[in-house]
Number of protein chains: 2
Amino acid sequence: MSISDAARASGLPAKTIRYYEEIGLIHPARDSNGYRSFSDADIHRLAFLNRARGLGFSIGDCRALLGLYDDQGRASEDVKRLASEHLTRIDARIAELQALRATVAGLVHACAGDGRPECPILDDLAEGPVRAHRAQPLT
Amino acid sequence: MSISDAARASGLPAKTIRYYEEIGLIHPARDSNGYRSFSDADIHRLAFLNRARGLGFSIGDCRALLGLYDDQGRASEDVKRLASEHLTRIDARIAELQALRATVAGLVHACAGDGRPECPILDDLAEGPVRAHRAQPLT
DNA sequence: CTTGACCTTCCAGTTACTGGAAGCCTCATA
DNA sequence: TATGAGGCTTCCAGTAACTGGAAGGTCAAG
């Protein structure tokens, strides 16, 4: 199976598949001409990665999850811990964003948004309280 | 005012202040020995940046906001549009995270989390539906 | 033989910093 | 006067997880 077939089958861009090989998440075989050749197991692994990434797990988490997936003697406890920690991070992030949202929504609401220069948003940014240490990028 | 004083007064790390100068957000004067010398206006600007970043505005947004702040003839409309778009992005991100949260919470709930290898979380990652195209990093 | 669609590797850029190295500047102290 | 402690400077590299693009090899069809 070529990389473009693997991309179709796994839902991941070919570029991403190459990247995942580079960082050691997959180890596809090579044909005599140097082209990557993906087995069903490789495709499976890529789909696994696509789903785990889609749930917001980091690459590091994905590596750990794949390790547990490969380990027939794993304890589900270990998997659950990873997922629970992830859930905690998601909740923290949602809370952070909701706090942000409340403040920004308040400012937007307070601003007339007409042709005049007076603007409570700028006033608040210029004189308002110092916020939390740092906001994470949204995307 | 030295950079460490500016850091104290604005709440930003000195490293960040140097970075903001590098990307043209501020233009502090220099003393004869080459040290940066921050005026009250510089400090004000840095505090503005700290607050805007704390609300999650991107550096690009901050640049635009500072431009409007400097422009006495601005229309509050323009400021409000920037803030509204930001609010929309925050809302979209919250919705995305809440969807993620629901799925991950369901998986965590379904997993016994004991010493046995059977794990619905791994089963789902291995066989489950393909998720949204890509999840943003949480932090 | 050439064209076009693949494939390969490698390099750079993205966001917004952060850490660290190497080297001045200034002041206080021994 | 030498020295040591901070503070300041610049520059380089690294972060997360890709993505875009250039230069070039491979292969089947016309």
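Estimated from helices alone, the mean residue ellipticity of the protein assembly as shown at 222 nm is -20500 deg cm²/dmol (sum of -39500 (n - 2.57) over DSSP H runs with n ≥ 4, per residue). Each residue, A:R30 and B:S32, gets one label point 7 Å from its Cα in the Cβ direction; the gap between the two is 6.4 nm. A probe of 1.4 angstrom, applied to the heavy atoms of all protein chains, finds A:K80 with accessible area near 50 square angstrom.
Return a whole-number percent for the relative contact order of chain B, with Cα pairs under 8 Å and 6 or more residues apart as the contact set. Rounded, it is 14 percent for chain B. Think of a 1.4 Å ball rolled over the protein heavy atoms: the protein assembly as shown then has 50 Å² of accessible area per residue. For segment A:22-49 versus segment B:20-62, the inter-centroid distance based on Cα atoms is 48 Å. Kirkwood analysis of the Cα pair distances in the protein assembly as shown returns a hydrodynamic radius of 21.9 Å. Only protein heavy atoms count here, probed at 1.4 Å, and on that basis chains A and B bury about 6000 Å² of accessible area in total. The stretch between B:D5 and B:A95 holds 28.3 nm of extra length on full extension. This uses 0.36 nm per residue minus the Cα-Cα distance.
When chain B is turned onto chain A, its residue with the beta carbon nearest the axis, and that distance in whole angstrom, is B:I94, 3.
Rounded to the nearest 0.05, the FRET efficiency derived from the C-beta distance between B:S58 and A:H109 at R0 = 22 Å is 0.55.
If you average the alpha carbon positions of segment A:78-130 and of segment B:79-99, how far apart do those two centres end up, in angstrom? Centre-to-centre distance over Cα atoms comes out at 9 Å. Each label point was placed 7 Å from the Cα along the Cα-to-Cβ direction; for B:E22 and B:S39 their separation is 2.5 nm.
Would you work out which of A:T88, B:M1, A:Q72 lies farthest towards the positive end of the dipole of the protein assembly as shown? Charges go on Cβ: Lys and Arg +1, Asp and Glu -1. Positive-end residue among those listed: B:M1. Given segment B:1-86, what whole percent of its Cα pairs are spread farther than 18 Å? I get 43 percent for the Cα pairs in segment B:1-86 exceeding 18 Å. Once both labels are modelled 7 Å past Cα along the beta-carbon direction, what's the B:R81-A:Q136 spacing in nm? Taking the two extended label points, one gets 3.1 nm.
The values are calculated or read from the model by the stated rules, or taken from the named source; none is laboratory data. Being a predicted model, the structure only gives us computed values, none of them experimental. As a convention, Cβ positions derive from the backbone with ideal geometry for all residues, glycine included, and neighbour counts pool all protein chains shown. Accessible surface is based on the protein model in full, side chains and every heavy atom, while ligands, DNA and RNA are left aside. Shrake-Rupley method; radii C 1.70, N 1.55, O 1.52, S 1.80 Å.
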